[in-house]
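Q: First the structure, which I've put down as structure tokens, then a few questions once you've had a look.
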Amino acid sequence: MNLDLVRVIDKRVGIPACFFLSLGHWILSRLGHGEASGRGRDTTPEKILFIELSEMGSAILAFSAMGYAIEKYPEVKLYFLIFEQNRFSVDVLDTVPPAHVITIDVRSTLRFIYTTMQAIRAIRKAEIDTVFDLELFSRFSSLLSGISGACRRVGYGRYHEEGLYRGGFMTHRVLYNCHQHMAKNFMALVKAIEHRGEHVLLKEAIDENELACARYEGSEEDLQALRARLVHVNPAVGEAEHFILFNPHAGNLLPVRAWPAENYGALAQRILEQSNAVVIIIGLEEAKEAAAKILDQVGRPSRCIDFTGQTSFKDLMDLLSLAHVLVTADSGPAHFASLTSIKNIVLFGPETPLLYGPLGQNTSCLFAGLACSPCLSAYNHRKTSCTDPKCMKAITVEEVFDTVLASLGKLNVMK
């Protein structure tokens, strides 16, 4: 996916589309049309659709908001709309029935258009009455909300703040708060439908205790099978006291979030010298180049394993359950780790842990706090001019190594 092209289309096509859809809603509301006029907004939600298309981690952070909806409306049926390649981040939560997860395929333009039309058809056929658009100022998701047929359409509005124009057809516009965690921002959307006559929404504090983490438990049989696979790759696994996971690739869309591969290599050397551990490098096929650099720096053979491109999502979750420490840049696996008991060390630079830090007590976030950080935000469509992410380079190997040792120490204390 070409992110710059997506931004251009979202602006050039999205702005007029949002304007004309808003105009259509206004005209229909004056004519007394049901969904546009607001009839049904005072009823109890029966079918709720959450829209979070592009971010795997955000689907994990939305768990508390979905849980609140279920608790508040016990008879409600939940639906979720997400890009096909990110679907597993919803399935692993075990909150939305698989048949209620609607997907859009972005592998090609034609498939994107076709599956989008299918998704719209499925949403309207399901007779959704409430839509929560979790996307931050995306015009595409806003348009999907506007044509969903729902009488309650909840999303982020800019009011007089920064932000992108998304039309005027949301029935509940919630102020996006860039100073509080995204899990709280998502919760604010769900709570907004309980309030009428307030401007700006939401005028309510959200307590930390309201935020919860889902849990994933792999079966002992699956964990042992995965351990056997690792032993087959490197027999040293069988004698190791600790498994340390490295996720060195931050994805092709936002490579600026990656910690330098040579830093991972130096960290691996320190870990292998001072502990009886194996280092397992994880990621998709695109992470193989970084894995090769780390292995070359450590030296072959060693207690360092390239396991990139060899895991399904189920394998990844089992590996997170089996291992003891994960070192990763801000990315999907950082949030998946919060579903397990692994010690989770997450490196931030272009984005801030105050907004996107994984939930849970097992997470340690490292952030250098340079004057220019964070430079990626909802307000700039997550586009940065930076070509030299010194914010990531400023996080030292020594700092990460000390955090790894502290995490291993906590494990030994627990024993």
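The values are calculated or read from the model by the stated rules, or taken from the named source; none is laboratory data. If you're wondering where the values come from, they're calculated on a predicted model, not measured in any experiment. Cβ coordinates were reconstructed from backbone atoms using ideal geometry, including for glycine residues, and neighbour counts include every protein chain displayed.
Q: Looking at Leu284, Leu316, Leu339, Leu320, which one is within 19 Å of the chain's Cα centre (by Cα), surrounded by fewer than 20 Cβ atoms within 10 Å (Cβ to Cβ) and not charged (D, E, K, R)?
A: Leu284
Q: Go through (1) modelled with pLDDT under 95; (2) closer than 17 Å to Leu322 by Cβ one by one and return the number of the condition Phe246 breaks.
A: For Phe246, the exception is condition (1).
Q: For the range 202-215, does any single residue satisfy the condition of being farther than 30 Å from Tyr176 by Cβ, assigned to a loop (DSSP other than H, G, I, E, B) and modelled with pLDDT of 90 or more?
A: There is no residue in the range 202-215 that is farther than 30 Å from Tyr176 by Cβ, assigned to a loop (DSSP other than H, G, I, E, B) and modelled with pLDDT of 90 or more.
Q: Of the conditions (1) in contact with a helix residue (DSSP H, G or I) (Cβ under 7 Å, 6 or more places away or on another chain); (2) over 17 Å from Leu253 (Cα atoms); (3) of a type in the set (Gly, Ala, Ser), Gly369 clears all except one; give me its number.
A: Single failed check for Gly369: (1).
Q: Look at Leu272 and say whether it is touching a residue at least 12 places away in the same chain (Cβ under 8 Å), in contact with a Lys or Arg (Cβ under 6 Å, 6 or more places away or on another chain), surrounded by 15 or more Cβ atoms within 10 Å (Cβ to Cβ) and in a helix (DSSP H, G or I). If you could, list the steps in order and put the result at the bottom.
A: Values: touching a residue at least 12 places away in the same chain (Cβ under 8 Å): yes; in contact with a Lys or Arg (Cβ under 6 Å, 6 or more places away or on another chain): yes; surrounded by 15 or more Cβ atoms within 10 Å (Cβ to Cβ): yes; in a helix (DSSP H, G or I): yes.
In short, yes.
Yes/no per residue for (1) at pLDDT 95 or above; (2) buried (at least 24 other Cβ atoms within 10 Å of the Cβ):
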{"residue": "Ala119", "(1), (2)": "yes, no"}
{"residue": "Arg124", "(1), (2)": "yes, no"}
{"residue": "Thr130", "(1), (2)": "yes, yes"}
{"residue": "Tyr156", "(1), (2)": "no, yes"}
{"residue": "Tyr159", "(1), (2)": "no, no"}
{"residue": "Leu164", "(1), (2)": "no, no"}
{"residue": "Met170", "(1), (2)": "no, no"}
{"residue": "His179", "(1), (2)": "no, no"}
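Q: Also: Look at Arg7 and say whether it is touching a strand residue (DSSP E or B) at 6+ places or on another chain (Cβ under 9 Å) and modelled with pLDDT under 90.
A: no
Q: Okay, next question. If I filter the range 132-146 down to residues being of a type in the set (A, V, I, L, M) and under 24 Å from Tyr73 (Cβ atoms), which single residue comes out as surrounded by the fewest Cβ atoms within 10 Å (Cβ to Cβ)?
A: Restricting to residues being of a type in the set (A, V, I, L, M) and under 24 Å from Tyr73 (Cβ atoms), the top hit is Leu144.
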